[in-house]
Each structure stands twice: as structure tokens, then as C-alpha cells.
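Structure record follows, encoded as C-alpha cells.
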């Protein structure tokens, strides 16, 4: 049904391309027979939706960065507390060992302190060497595993891997 040259749907004027005007302030001029206006309107809405998505992604990145900062700060505080406790325990342990060794070597405090300090340094060195060896070993295993997986993917994808192409493999 048409009234005054404008399409009507259930008594409401349409804005071309099937859009119904809900509010009298919405203009319908230039939209009746102009398909470009519908496309432009859709592109405007698409642009707004993309801007909304970009703003939401930016906010998510800010929240994640803030949460990471809080976690790092909490971890740093926890590490300082743990290190302080460990150092305190070592101090009391070595102090007690030094006192005991002093009595054992004839009440020579300097010799007991020297022996306890040497034992503490020796224990720390052995622990550090063990940890370094374990870390190197695990890193080497991880690198080997990484390249073995990569070569397996190459064999699946290309029928051979880089080692076979280079002539190193059997």
C-alpha cells in the first residue's frame, strides 16, 4: 500500500529496503528508491560494530596487563618473604652448627665459625651444581623433543625431513 508516494507497512511509513521508521524524527528523504543509502547505513553500522569490538579487545588487553602486573608484584613480595625466611633459617642453622663445632674443637669459637661457614658454602655449591645440571639436561631434552616433533611434521607434510634432505639421516 502506498500513501503520498511512500510505501506503507501496517500503517507505518517505510524507509526503503524494508526498514520501518519507528520515530517521527527519523527522516525518510532520499531513502525510498536509493539502494546506496541502505548500503551506507549498513556500512556505518558495521563500522560501529568493529569499533565496539576493537574497544572491547583493548579493554581486555588492559585488564590482562593489570592482572599480570598484580601477579608479578605479589610474586615478588612472596619471593622476598621466602628468601628472608630461608636466610634466617640458614643463619640460625649455621650459628648452631658453629656453636656445636666450637665446643667440639676445644671452645675455639673462630674455628667453629670457620668450619660451619665452610660447610654452608659447600652445601650451597653442591645444590647449585645439581640444580644447574638438572636445568641444562631438561632444556636439552626439550630442544631435542621440539626438533624431533618438527621433523615428524616435515615428514608428514613433505615426505621427508630437513635431516634427510641434508643427507645426515639413513
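The values are calculated or read from the model by the stated rules, or taken from the named source; none is laboratory data. As the structure is a prediction and not an experimental result, all values here were calculated from the model. Note that each Cβ is placed from the backbone with ideal geometry, even for glycine, and that neighbours are counted across all protein chains shown.
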Worksheet item: residue 106 fails exactly one of the following numbered conditions: (1) assigned to a helix (DSSP H, G or I); (2) modelled with pLDDT of 90 or more. What is the number of that condition?
Response: (1)
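Test residue 165 against the criterion of being modelled with pLDDT under 90, on the phi < 0 side of the Ramachandran plot and part of a helix (DSSP H, G or I), and give yes or no.
yes
Among the candidates 142, 116, 128, which residue alone is closer than 30 Å to residue 96 by Cβ and surrounded by fewer than 11 Cβ atoms within 10 Å (Cβ to Cβ)? Let's see the steps before the verdict.
Numbers: 142 fails: closer than 30 Å to residue 96 by Cβ; 116 fails: surrounded by fewer than 11 Cβ atoms within 10 Å (Cβ to Cβ).
None of the others qualify; the one that does is 128.
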